[in-house]
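The structure appears below as structure tokens.
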Amino acid sequence: MSIKIATTQHDVIDLIKNRWSPRSFSAKDLSAATLETILEAGSWAPSANNTQPWRFIYALRGTAGFDKLLATLAPGNQPWAKNAAALVATIGIRETPDTQQKNHYFMHDVGMATSFMLLQALNMEVYAHVMAGFNKQHIAETAGLGANEEAVSIVALGYIDSAEKLEEPYKTRELTARSRNPIATIAAHLD
């Protein structure tokens, strides 16, 4: 098993340096308690006006629910995601329930919740791979989403395994070093 530790320009915490998105998951099951802890971490993310505009629809491997979520994934994600211990669909709520006003920040807030889940998972030695490659209409129908809800991502969770068991092009992607744009290209000091 290869854990791709980021080489950073500044001393960020190990939890961030060690977080990456593997495609090779082991056959080890994820307990319901572990998954619920990860989901609760997501619930504690900040959100605009504390609206918490998210829901998580999840299923463990080996269940009908898992197969339903797997079927919503793009063909390029299904070959490796089928080995994840759990799949979680992150759902955003577009309007605030109390005022029915459009929440312009719901996607950002769902992303924050997802980030909290990823860091909690890694703290428990569970790895996550967030996917945008899925059919939004299919997930809406499968999960019975309301008109005010939108699928934002699907997260594969599980315990890491060897990249060698993956077929191409996934094996090469798994073994390729991580990189990020330099800070100087993404951040600017305002005078």
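Step by step: first the residues of the stretch 47-62, then only those that are of a type outside the set (Ser, Thr, Tyr) and open to solvent by 70 Å² or more (accessible area, probe 1.4 Å), then the one that is farthest from the chain's Cα centre (by Cα). Which residue is that?
Asn49
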* If you check Pro79 against the conditions, is it without any contact (Cβ under 8 Å) to a residue 40 or more places away in the chain, under 23 Å from Pro169 (Cα atoms) and not in a strand (DSSP E or B)? -> no
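Based on this model, can you work out whether Val126 counts as within 16 Å of Ala84 (Cα to Cα) and buried (at least 19 other Cβ atoms within 10 Å of the Cβ)? Outline the logic, then answer.
Details: within 16 Å of Ala84 (Cα to Cα): yes; buried (at least 19 other Cβ atoms within 10 Å of the Cβ): yes.
Criteria met by Val126.
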* Looking only at residues in the stretch 144-185 that are open to solvent by 60 Å² or more (accessible area, probe 1.4 Å) and among the aliphatic types (A, V, I, L, M), which one is nearest to Ala84 (Cα to Cα)? -> Leu175
* Can you pull out the residues in the stretch 140-191 that are among the basic types (Lys, Arg) and within 25 Å of Ile38 (Cβ to Cβ)? -> Lys165, Arg173, Arg178, Arg180
* Asked: So which residues in the stretch 8-18 are part of a loop (DSSP other than H, G, I, E, B), in contact with a helix residue (DSSP H, G or I) (Cβ under 8 Å, 6 or more places away or on another chain) and either open to solvent by 100 Å² or more (accessible area, probe 1.4 Å) or among the β-branched types (Val, Ile, Thr) (or both), if there are any at all?
  -> Thr8, Gln9, His10
* Asked: Is it true that Gly65 is part of a helix (DSSP H, G or I), small (Gly, Ala, Ser) and either farther than 30 Å from Gln101 by Cα or open to solvent by 40 Å² or more (accessible area, probe 1.4 Å) (or both)?
  -> yes
* Asked: How many of the residues in the stretch 25-43 are touching a Phe, Trp or Tyr at 6+ places or on another chain (Cβ under 6 Å) and either among the basic types (Lys, Arg) or outside any helix (DSSP H, G or I) (or both)?
  -> 2
* **Top-ranked residue in the stretch 76-92 [being farther than 15 Å from Tyr58 by Cβ and in contact with a strand residue (DSSP E or B) (Cβ under 6 Å, 6 or more places away or on another chain); ranked as surrounded by the most Cβ atoms within 10 Å (Cβ to Cβ)]** => Gly92
* To do: Would you mind finding the one in Glu95, Glu141 that is over 16 Å from Pro53 (Cβ atoms) and open to solvent by 30 Å² or more (accessible area, probe 1.4 Å)?
  => Glu141
* Looking only at the stretch 19-41, and only at residues there that are more than 22 Å from Leu73 (Cα to Cα) and touching a helix residue (DSSP H, G or I) at 6+ places or on another chain (Cβ under 6 Å), the one that is most open to solvent (accessible area, probe 1.4 Å) -> Arg19
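The values are calculated or read from the model by the stated rules, or taken from the named source; none is laboratory data. The model shown is predicted, which means the values in this text are computed figures rather than measured ones. A quick note on method: Cβ atoms are made from the backbone with ideal geometry, for glycine too, and the neighbour counts reach across all protein chains shown. Each accessible area value is taken on the protein alone, full model and side chains, heavy atoms only, with ligands, DNA and RNA left out. Shrake-Rupley method; radii C 1.70, N 1.55, O 1.52, S 1.80 Å.
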